[in-house]
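Data first, discussion second: the structure below is written as structure tokens.
Readers should treat all values here as calculations from the given coordinates under stated rules, not as data from a laboratory. As the structure is a prediction and not an experimental result, all values here were calculated from the model. In this analysis, Cβ positions are derived from the backbone assuming ideal geometry, glycine residues included, and neighbour counts consider all displayed protein chains.
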Amino acid sequence: GMQVDVTFFFDSMTLLLAAIFTLCAVIGKLLSGIVAGGNLSRLAVGIGMIPRGEVGLVFLGVGRGLGVVNDSLFAALVIVVFATTIVTPPLLKWSLRRADA
């Protein structure tokens with residue numbers, strides 16, 4: 001994430017791309033929780049899979065080093081990693097409380 005040119009965080013296209021990617025990332029993981037079986041809360045399983053974290057950053061760094069990922073896309077995907085990592089703990093807490101009720 002330290003490789004990001006922060007000026008791209010203020011670019012409207014980068015922010016739009018980050019919003020679309022974040023929405024797709026969250027919805028995709030929530031939908032993947034549907035296949036959870038047994039006594040598990042499917043919502044909690046889906047929410048628990050949302051974060052992208054450091055593995056995503058490693059792949060982004062490699063992609064950028066190979067020239068596959070440009071600066072704008074790199075910044076957008078760093079935002080996605082950050083957003084999905086930050087949003088997960090409160091959502092997971094909420095979903096687990098909901099499952100216990």
#### Entry: Potential extension, Ser12-Val68 segment - 0.36 nm per residue separation minus Cα distance
18.0 nm
### Query
Given the convex hull over the Cα atoms of the range 1-95, what projected area results after averaging over all orientations, in nm²?
6.5 nm²
### Message
Between Ala19 and Ala99, what's the calculated FRET efficiency when r is the beta-carbon distance and R0 is 25 Å? Round to 0.05.
### Response
0.30
### Query
Between the helical axis of 53-65 and the dominant principal axis of the chain, each derived from Cα atoms, what acute angle in degrees is found, rounded to the nearest 10?
20 degrees
### Query
Using unit Cβ charges (K, R positive; D, E negative) and no other charged atoms, how large, in debye to the nearest 20, is the dipole of the range 6-100 about its Cα centre?
360 debye
